[in-house]
Amino acid sequence: MSTFETIPESTSQTSAEHLAERLSKSITAAAEADRREGWNRPPVFLPESENGVLEVAMGPHHPSTHGVFRMDVSVDGERVIRLKPVFGYLHRNHEKIAEGTAYLASMPYTDRLDYFCSLTNNWAYALAVEKLAGIQVPERAEYIRVILAELTRIQNHAAAVGFLLQDMGASGTPLMYAFREREKILDLFEQLTGSRMMCNYMRFGGCRVDVTDAWLDRARRLVAGMPQFVDEFEALLTTNEILMVRCQGIGALKPDLAVNAGVTGPMLRATGVNYDLRKVDHYGIYDRFKFRIPLGDHGDVYDRYMVRILEIREAVHILEQALKEIPAGPIMDPKTKLRGFRPKPGEAYGRIEAPKGELGFYLISDGGSNPYRYRVRPPSMINLTVLEDMCLGHNVADVVVILGSVDIVLGEVDR
Amino acid sequence: MAIDQELKIEMGKQGVFVTTIQELYNWGRRSSVWPMQFGLACCAIEMIATTMARYDLARFGAEVFRPSPRQADLMIVAGTVTKKMAPQVVRLYNQMAEPKYVIAMGACAISGGPFKQGYNVLKGIDRYMPVDVHIPGCPPRPEALIQAFMTLQKKIDSHHLTGEGRPRYLDPDAPGEFKVPEPGEHDLEPASNQGVWPVPVVIR
Ligand code: SF4
């Protein structure tokens, strides 16, 4: 294995070997005791004999992993020389269940994919079905979708930054600030959809209920106060010395590797690749709004943080325009029928720029009332595939920060 | 043994505070329940929201989320327990020091919830370990978690230190650890732990 050959001969090798030997002895003794008592637990530490390399399983219960995710890390001293992500601790059979139920019945399940962004998940799924069945969406509904998607983006990015800082050891304050804003946005969601997190709001060809003028006013007030929050957040964080030292130059990702691995979202844009589906695909009505795409140039953790903050600012601009221009009209295409919905045989792929990256739904219909094949392209999981490349050579403590900067949600990774 | 309430008030007026060891013990226990920092799925986000400024779980003395099971008193099973994760959850429970309590938060932890029909989802964590409070909901609102906390505090308050009604951890005969299930040929084995979950009798 080439990674093992590059390790320099360390002077403290004897002590490392000694440590490994001691560990292996105690592990054998513990395993012996376990077997006597009838327990069968896998050892947590698996020492390897060569070069004093230690294998540590971080997770599935680990205070810094975002959910139940395991990383098998090989460390030489503090340095990471190998990292193997282990998925599947939250595999909930989303796709299989969806293939067995009606099209509309999968809508609440999409909420639970990326549970921070239920509304964008709804939209991606609705878009795929609309493509499959050739349904048009009325203008007002498109505006509502944009408003809700951008609100979702704000709360997701704020929370992601909060969790990143939490992982860095800033316990509490940034996360509290982020959740304070998030709660305000969740209040809006609750007023409109009846639920804080699992909104289940979009329908094929439109939305479930209409927004009221009072709701729009409340949203306008919230959006008007948002730049102030971002300023406050940035004053706290952006030039903070500890944050800069912990983030700059850590976990750098090369643009060509990011493109080859299919990385999307803020992760990709932090490497400097200008790719945003809102600009590329023009899905919905995004070509009507003026907004810019923030790009980074080092692809490290700090750039990812910065891209997220700037995206919040751009989302505020989109929201201001959308809330000003929203027209009156129907919110559902009257021709769509929700009951006995059977699209013609065919296939469709609908994708949107979710806060975490490209979220796509691929559907094959055989003319029945449930999809023949239902497949989710989750941004979190595909962004995770480059985790090892980002972590190699860094300290164990940096692995935690790098994982936090990817912004994963396990519901989406394992489905 | 309870004190005469009137007498207690009368003594209080004189500046004498009277209590029992039991009351004092339970008061201390219930006022500093430290939960374990342990989230499984969507419900964990609502659990985090509960600890944040708006809902402020600190009012109940429970804001100190411990990353290690050794320092925690309460396990909030927040989210879907899959069959791959269930052994780890039970193992974490076994590693917690007595007295320990469990709140099953959300439909998934109670019964498998919306994913119950899935082949990989455990149909309720109470098959493997004793659960003190169940919270229904998908996800339960933060208020519901607070309600569960208050229910747990009431439960702790009503514990007797001796005699028949004493809690599990004061009874040397009651089990404190439960068998960790293992992946068997078709399912986790055993399907449930003896004495924790009464297997329902199917009447055909
Ligand atoms: S009960 Fe609902 S919200 Fe909670 S983990 Fe299960 S699916 Fe998610």
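Only the coordinates and a few stated rules stand behind these numbers; no lab work does. For clarity, every value in this text was computed on a predicted model and none was experimentally measured. All Cβ positions, glycine included, derive from the backbone under ideal geometry; neighbour counts span all protein chains shown.
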Check your understanding: Which ones in the range B:24-47 are more than 16 Å from the ligand (Cβ to nearest atom), part of a helix (DSSP H, G or I) and surrounded by 15 or more Cβ atoms within 10 Å (Cβ to Cβ)?
Key -> B:Asn26, B:Arg29, B:Arg30
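Counting only residues that are away from the ligand (no atom under 16 Å from the Cβ) and among the aliphatic types (A, V, I, L, M), which one in the range B:48-67 is nearest to A:Asp414 (Cα to Cα)?
Checking each candidate, the answer is B:Met52.
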**Study point:** Filter result (touching a residue at least 60 places away in the same chain (Cβ under 8 Å), within 15 Å of the chain's Cα centre (by Cα) and within 15 Å of the ligand (Cβ to nearest atom)) within the range B:109-128
**Key:** B:Ala109, B:Gly124, B:Asp126
Exercise for review: Hey, could you check the range A:63-92 for residues that are at the interface with chain B (Cβ under 8 Å from one of its Cβ atoms) and out of contact with any strand residue (DSSP E or B) (no Cβ under 7 Å at 6 or more places or on another chain) and say which is nearest to the ligand (Cβ to nearest atom)?
Suggested key: A:Val68
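So, in the range B:25-49, exactly how many residues are facing another protein chain (nearest Cβ under 10 Å) and β-branched (Val, Ile, Thr)? Spell out how you get there, then give the answer.
Applying the first criterion (facing another protein chain (nearest Cβ under 10 Å)) to the range B:25-49 yields B:36-46, B:48-49.
Still in the list and also β-branched (Val, Ile, Thr): B:45, B:48.
Number of matching residues: 2.
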**Study point:** Every residue from the range B:68-101 that is within 16 Å of the ligand (Cβ to nearest atom), within 15 Å of the chain's Cα centre (by Cα) and not in a loop (DSSP other than H, G, I, E, B)
**Key:** B:Met75, B:Ile76, B:Val77, B:Ala78, B:Val89
Practice item. Given the conditions (1) farther than 17 Å from A:Tyr89 by Cα; (2) away from the ligand (no atom under 11 Å from the Cβ); (3) surrounded by 20 or more Cβ atoms within 10 Å (Cβ to Cβ); (4) not acidic (Asp, Glu), report the number of the one that B:Pro139 does not fulfil. Key: (2)
Review point. Among helices (runs of 4 or more DSSP H) lying entirely in the range A:207-316, which contain 2 or more residues that are over 21 Å from the mean Cα position of the chain (by Cα) and aromatic (Phe, Trp, Tyr)?
Key: A:213-237
Check your understanding: All but one of (1) crowded, with 18+ Cβ neighbours inside 10 Å; (2) within 14 Å of chain A (Cβ to nearest Cβ); (3) in contact (Cβ under 8 Å) with a residue 24 or more places away in the chain hold for B:Val131; which doesn't?
Key -> (2)
Review point. If you go through the range A:68-84 one residue at a time, how many are surrounded by 17 or more Cβ atoms within 10 Å (Cβ to Cβ) and under 12 Å from A:Ala57 (Cβ atoms)?
Key: 7
